[in-house]
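Read-outs: derived from the displayed coordinates by stated rules, not from any lab. The model shown is predicted, which means the values in this text are computed figures rather than measured ones. No Cβ is skipped: glycine too gets one built from the backbone with ideal geometry, and neighbour counts run over all protein chains shown.
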């Protein structure tokens, strides 16, 4: 930390810094509130995704019960192959986060007359489960990025509120006191000098 200078120039510098911190602080506080809200939304999205996955797991379990053998299960799995996870980006509170769009699957077909009615349901359920898992992965990344930004923003808010602004105010107070003392001392010296000058003039007269 640089040594504080008790000058009018330094006083102005401290006042300018104080104004700057006070001007930026509301923006940081607003960003912090936005990030807190987004973090809560991402947590809710993760919880909703997990609940949906559990529902699908039950649906798949009921379908698998009809398979009767591992070969049927392998057949279902072979019909669900991911070719691409389509994602985008959104700007939230000044940062870019990934967003889930959809999952593209490899085109596949099967003989409807040689497979049970449950095969279609099982394949669709498995595709939905895979999509949910991919969505969960991206939402987790959203949560990570938002949480990191919230932590950084909170640190900056605390720095401004608890360190920089109080520090500037205290420096300005110290400089004002010192400049006031210096002015008082200068006036006192001036009076003493005048008093000595007057006394010397009387002695000469």
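Structure above, values below:
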| read-out | value |
| --- | --- |
| Rough spin-label spacing in nm, given labels placed 7 Å along Cα→Cβ, for residue 176 and residue 52 | 5.8 |
| Calculated log₁₀ intensity ratio I(q)/I(0) where the Debye formula runs over C-alpha points of segment 12-151, q = 0.10, 0.12, 0.15, 0.20 Å⁻¹ | -0.51, -0.64, -0.84, -1.13 |
| Label point distance in nm, residue 9-residue 40, each placed 7 Å from Cα along Cα→Cβ | 5.0 |
| Mean Cα-pair separation over length for segment 12-151, i.e. relative contact order, pairs under 8 Å, 6 or more apart, % | 34 |
| Highest-first arrangement of 4-14, 86-96, where packing means the average Cβ count within 10 Å | 4-14, 86-96 |
| Extended-chain gain in nm, criterion 0.36 nm per residue less alpha-carbon gap, residue 29 and residue 62 | 6.9 nm |
